[in-house]
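The values are calculated or read from the model by the stated rules, or taken from the named source; none is laboratory data. Here the structure is a predicted model, which is why all the values come from computation and not from measurement. Here Cβ is always computed from backbone atoms with ideal geometry, including for glycine, and neighbour counts include all displayed protein chains.
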Amino acid sequence: MKLTLKIKLLSDEEQHSRLLSAMKAFNQACNRISELAFGSSTFSKIKIQQMCYYDIRRDFGLSSQMVVRAIGKVAESYRRDKEVLHIFRDTGAMVYDERILSFKGLEYASMLTLDGRIEVPMMVAEYHRGMLMGRRVRGQADLILDNNIFYLMLVIELPDKPIFDADKFLGVDLGVVNLAADSTGETFSGSKVNNIRKRSAKLRAKLQSKGTKSAKRLLKKRSGKEMRFGKETNHVIAKKIVEKAKALGQGIALENLKGIRKIEKTVRKQQRRQLSSWSFYQLRQFIEYKAALQGVRVVLIDPRNTSRECPKCGYTDKANRKTRDDFECKTCGHADCADYVAACNIASRAAVNQPNVGA
């Protein structure tokens, strides 16, 4: 499987300036290439290179391989959408490969700029060191600028770990009040997250109404802080769920919440904000890749009526869900926490839907 690691570069003032100049020239070249490609309806990487390679290299001072990478970036973007002209930010990602990027252990990155190579110190976290140790780091990465700090987005390939067979599953119900609840009865409360989101929403509204430069700077800063908090919270939840499933020798069953955004149109404004401000898909991605690293199987099931079906007798009715938190079956009287009921139904559906290999 492939993982992307975000490695911080400890560039000094001169190195920062040279990297920034290279990044700006690279993206300005991308814009020129994009205009030529769109204007002539030429989207093949080879044909674009034949059309403008020498002019781009001359006009922007890029090395041969930088031009090739710029053409590749433009061609890749038009694979997704050929209907509009693509414009690239001056500080958009700059693509490096093995010819213009190499590594000296896990300490330095040797990177080509407009006026030669520089050796930039790297800060590699212990978690990333464990993944990189003993593996050759190939010089393929994106250089990005985040809050005026350069990072390398390194893609590494880890050997696929055998997925162990499981006839039982840990069901996980994703939500807003409880970010996650599993079929063992453990819940991951969203109260702290929701309180922070509410405060952030009020502050955003206040700053947006001001519209001053300082207010816009603070908005950007707050946005990054909230995003980092959400990402860290999802990482922690995903890690705990995967560790539990592995310890129990079970797979993980999740709802396929592909249509979660459509639900927003049918609920109140405050609920829409809650649904849209938390990344259910990101949490699912984190669970999936962490599970793959541990050899834990993940299956997705149809989410319909998971919170309305009685796990004891199977009776399904909207009236079974008394409140957001409470479930009580109208037929057999079984009562429990609604999120726990949903998680149990998710687990049982995953077990029932397993293929019969011996058939």
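With respect to Ile252, is the statement that it is under 22 Å from the mean Cα position of the chain (by Cα) and modelled with pLDDT of 95 or more true?
Values: under 22 Å from the mean Cα position of the chain (by Cα): yes; modelled with pLDDT of 95 or more: yes.
It is true that Ile252 is under 22 Å from the mean Cα position of the chain (by Cα) and modelled with pLDDT of 95 or more.
Consider only pairs whose beta carbons are under 8 Å apart and that are at least six residues apart or on different chains; among these, list those whose first residue lies in the range 326-337 and is without any contact (Cβ under 8 Å) to a residue 24 or more places away in the chain and whose second residue is surrounded by 14 or more Cβ atoms within 10 Å (Cβ to Cβ) and of a type in the set (Val, Ile, Thr).
Every condition considered, the pairs that remain are Phe327/Val341.
Does Ser77 satisfy the criteria of being in a helix (DSSP H, G or I), under 27 Å from the mean Cα position of the chain (by Cα) and surrounded by fewer than 18 Cβ atoms within 10 Å (Cβ to Cβ)? Working first, answer last.
Working: in a helix (DSSP H, G or I): yes; under 27 Å from the mean Cα position of the chain (by Cα): yes; surrounded by fewer than 18 Cβ atoms within 10 Å (Cβ to Cβ): yes.
In short, yes.
Go through (1) under 19 Å from Lys8 (Cβ atoms); (2) not in a loop (DSSP other than H, G, I, E, B) and name the single condition Arg117 misses.
All conditions are met except number (1).
Would the range 311-328 turn up any residue that is surrounded by 20 or more Cβ atoms within 10 Å (Cβ to Cβ), assigned by TED's automatic domain parsing to the domain that holds Gly185, at pLDDT 90 or above and among the hydrophobic types (A, V, I, L, M, F, W, C)?
Yes, there is a match, as at least one residue in the range 311-328 is surrounded by 20 or more Cβ atoms within 10 Å (Cβ to Cβ), assigned by TED's automatic domain parsing to the domain that holds Gly185, at pLDDT 90 or above and among the hydrophobic types (A, V, I, L, M, F, W, C).
Checking Cys52 against (1) buried (at least 17 other Cβ atoms within 10 Å of the Cβ); (2) free of Cβ contacts under 8 Å to residues at least 12 places away in the same chain, which single condition isn't satisfied?
Only one criterion in (1) buried (at least 17 other Cβ atoms within 10 Å of the Cβ); (2) free of Cβ contacts under 8 Å to residues at least 12 places away in the same chain is unmet by Cys52, namely (2).
State whether the residues of the range 299-310 include one that is out of contact with any helix residue (DSSP H, G or I) (no Cβ under 9 Å at 6 or more places or on another chain), surrounded by 14 or more Cβ atoms within 10 Å (Cβ to Cβ) and part of a loop (DSSP other than H, G, I, E, B). Step through it out loud before you land on a result.
First, pick out the residues of the range 299-310 that are out of contact with any helix residue (DSSP H, G or I) (no Cβ under 9 Å at 6 or more places or on another chain): 304.
Okay, now just the ones that are also surrounded by 14 or more Cβ atoms within 10 Å (Cβ to Cβ), so none.
The answer is no, given that none of the residues of the range 299-310 is out of contact with any helix residue (DSSP H, G or I) (no Cβ under 9 Å at 6 or more places or on another chain), surrounded by 14 or more Cβ atoms within 10 Å (Cβ to Cβ) and part of a loop (DSSP other than H, G, I, E, B).
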